[in-house]
Amino acid sequence: MNTVKRYLGIVWLALAALAGYFGITTLGLPKLTSGKTDDLVFGIIIVFVLMPLIVGGLIRFGLYALQGEYDD
């Protein structure tokens, strides 16, 4: 079971990379460059508030899983 947890750590790290890429390229930058005030506020919230929380949390869980912090 511990090996499964360590492999899931790699999955968490991959999800962090995908979430960061998707959040910046699809949600963040197009909203920041659209020119509308509503989109600008949403883009700022996505890029500077939500993305660091989401990506940071996934990276932290992935690293903990790889280091064996969740082992019995």
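Values quoted throughout were computed directly from the atomic coordinates according to the rules given, and no laboratory measurement underlies them. These numbers come from a predicted model, not from an experiment. Using ideal geometry, Cβ is built from the backbone for each residue, glycine included, and neighbour counts are taken over all protein chains shown.
Sparse packing (at most 15 other Cβ atoms within 10 Å of the Cβ) combined with a DSSP loop state is found for the following trypsin sites (Lys or Arg not before Pro) in the chain: K36. Each label point was placed 7 Å from the Cα along the Cα-to-Cβ direction; for T26 and E69 their separation is 2.8 nm.
Normalised by the number of residues in region 2-67, the mean separation of alpha-carbon contacts (under 8 Å, six or more apart) gives a relative contact order of 53 percent. Reported value for the chain: 64 Å³ per residue, from the convex hull of its C-alpha atoms.
Fewest to most neighbouring Cβ within 10 Å: what's the order for F61, F22? The partial results should precede the final answer.
Values: F61 18, F22 12.
By the 10 Å Cβ count, ascending: F22, F61.
Where only DSSP H runs of four or more residues are counted, the chain gives -22500 deg cm²/dmol as its mean residue ellipticity at 222 nm, each run worth -39500 (n - 2.57).
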